[in-house]
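Here is the structure we will look at, set down as structure tokens.
The values are calculated or read from the model by the stated rules, or taken from the named source; none is laboratory data. The structure displayed is predicted, hence computed values, not measured ones. Every residue, glycine as well, gets a Cβ built from its backbone with ideal geometry; the counts of neighbours run over all protein chains shown.
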Amino acid sequence: MKVLLAVDGSVYTKRMLSYLAAHDELLQPVTQYTALTVVDELPAYPRAYIASSVLEAYYKDEADKVLEPVAAYAKQKGWPLETLRKAGRASDVVAETAQAGRYDLVVMGSRGHSGLGNLVLGSTTTRVLANCTVPVLVIR
């Protein structure tokens, strides 16, 4: 089983990881976890004036701030974990990665806005649910 963990370094990611650790029977036997974090892509105009090596280093540094604690937690729990870092709109990248990578399940934390809150604020989780053909487990 391949499980994609959508992580952003927030308290909701920490809750999601804690929930998975406390309920390890849900995903056993998992053969592979992949933690994916998505860094917001810089707008096109400024990107045109930044060397690609500098831009890639920026994206990597931002992603590592999220992925390093997740990788340490996974190691502590004995989970087999790979990491992925990408740039773009999080909801689109998570859905595309889940489908292209042939994952069996996407797991993500959610703030849990009300329906009105999602309408006004938007919700990455809602967009992933709408666009992803892979089953999604949302931990609130």
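Looking only at residues of the stretch 25-51 that are over 15 Å from Val66 (Cβ atoms) and of a type in the set (S, T, N, Q), we find that the one that is modelled with the lowest pLDDT is Gln28.
When Val54 is tested against the conditions (1) assigned to a loop (DSSP other than H, G, I, E, B); (2) loosely packed, with under 15 Cβ neighbours inside 10 Å, the lone failure is (1). Answer yes or no as to whether Asp64 is without any contact (Cβ under 8 Å) to a residue 40 or more places away in the chain, in a helix (DSSP H, G or I), closer than 20 Å to Val136 by Cα and out of contact with any Gly (no Cβ under 7 Å at 6 or more places or on another chain). Here the answer is no, as Asp64 does not meet what is asked. In the stretch 5-20, the condition of being farther than 19 Å from Thr125 by Cα and touching a residue at least 12 places away in the same chain (Cβ under 8 Å) is met by no residue.
Just a yes or no: is a residue in the stretch 77-84 closer than 24 Å to Val3 by Cβ, assigned to a helix (DSSP H, G or I) and at pLDDT below 95? Within the stretch 77-84, one or more residues are closer than 24 Å to Val3 by Cβ, assigned to a helix (DSSP H, G or I) and at pLDDT below 95. Considering (1) within 13 Å of Leu4 (Cβ to Cβ); (2) assigned to a loop (DSSP other than H, G, I, E, B), the lone condition that Leu36 does not fulfil carries the number (2).
Restricting the stretch 101-125 to residues that are surrounded by fewer than 17 Cβ atoms within 10 Å (Cβ to Cβ) and among the polar types (S, T, N, Q) leaves a set whose member that is modelled with the highest pLDDT is Ser114. Of all the listed residues (Lys75, Lys86, Lys2), the sole one being loosely packed, with under 14 Cβ neighbours inside 10 Å, on the phi < 0 side of the Ramachandran plot and among the basic types (Lys, Arg) is Lys75. Inspection of the stretch 10-27 identifies no residue that is touching an Asp or Glu at 6+ places or on another chain (Cβ under 9 Å) and either assigned to a helix (DSSP H, G or I) or closer than 20 Å to Val138 by Cβ (or both).
Would it be correct to say that Thr31 is loosely packed, with under 14 Cβ neighbours inside 10 Å, closer than 18 Å to Val134 by Cβ and of a type in the set (Val, Ile, Thr)? When the stated conditions are applied, Thr31 passes them.
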